[in-house]
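J.: Please see the structure below; I have some questions.
Here, each number is a calculation from the coordinates, and none is a lab measurement. Since we're looking at a predicted model, the values are computed, not measured. Quick reminder, even Gly has a Cβ in these numbers, built from the backbone with ideal geometry, and neighbours come from all protein chains shown.
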Amino acid sequence: MTDCIFCRIAAGEIPANIVARSEDAVAFRDLNPQAPTHVLVVPLAHLANAAAADSEAGERVLGHTLRLAVQVAAQLGLLPGGYRLVLNNGKDGGQSVDHLHVHLLGGRRLAWPPG
């Protein structure tokens, strides 16, 4: 999808601080970090949100995206202290880009409820 910023980042058309890449997803640093470590993990396949992943193919995309998020957490040394994975869905859920993505947050104690 040519008008999707995350599709363009995944395709290398827009520069980003890439942390990791797999066959199915890419992880890059958020431009507006909400924690010392804030990485976005984005599937290469365009799905608008989690609701759009309600299929066997979507299940595969979600699984591979979450797997890369966990691998990046380990790579960045977040396993001992812990981390949070956030998947916002829709405007009321806080989703600002209509491309499924997981926020990986860590590097400090995270409060609950989040907001």
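J.: May I ask you to sort 22, 96 by Cβ crowding, counting other Cβ atoms within 10 Å and putting the fewest first?
T.: With the fewest neighbours first, 22, 96 line up as 96, 22.
J.: Below 11 angstrom from the Cβ of residue 53, what's the summed charge of the other residues (Lys, Arg +1; Asp, Glu -1)?
T.: Net of charged neighbours comes to -2.
J.: Once you order the gyration tensor axes a ≥ b ≥ c over the Cα atoms, which shape class does region 16-62 get: rounded for a/c under 1.5, otherwise prolate or oblate by comparing a/b with b/c?
T.: Prolate, because a/c is 1.5 or more and a/b exceeds b/c.
J.: Using the Karplus curve 6.51 cos²θ - 1.76 cosθ + 1.60 with θ = phi - 60°, work out ³J(HN,Hα) for each residue of region 82-96 in order, rounded to whole Hz, and write x for Gly and Pro.
T.: Values per residue, Gly and Pro as x: x, 7, 10, 10, 10, 10, 7, 9, x, 4, 5, x, x, 6, 10 Hz.
J.: Given an 8 Å cut-off on Cα distances and at least 6 residues of separation, report the relative contact order of the chain as a percent.
T.: In percent, rounded to a whole number, it is 29.
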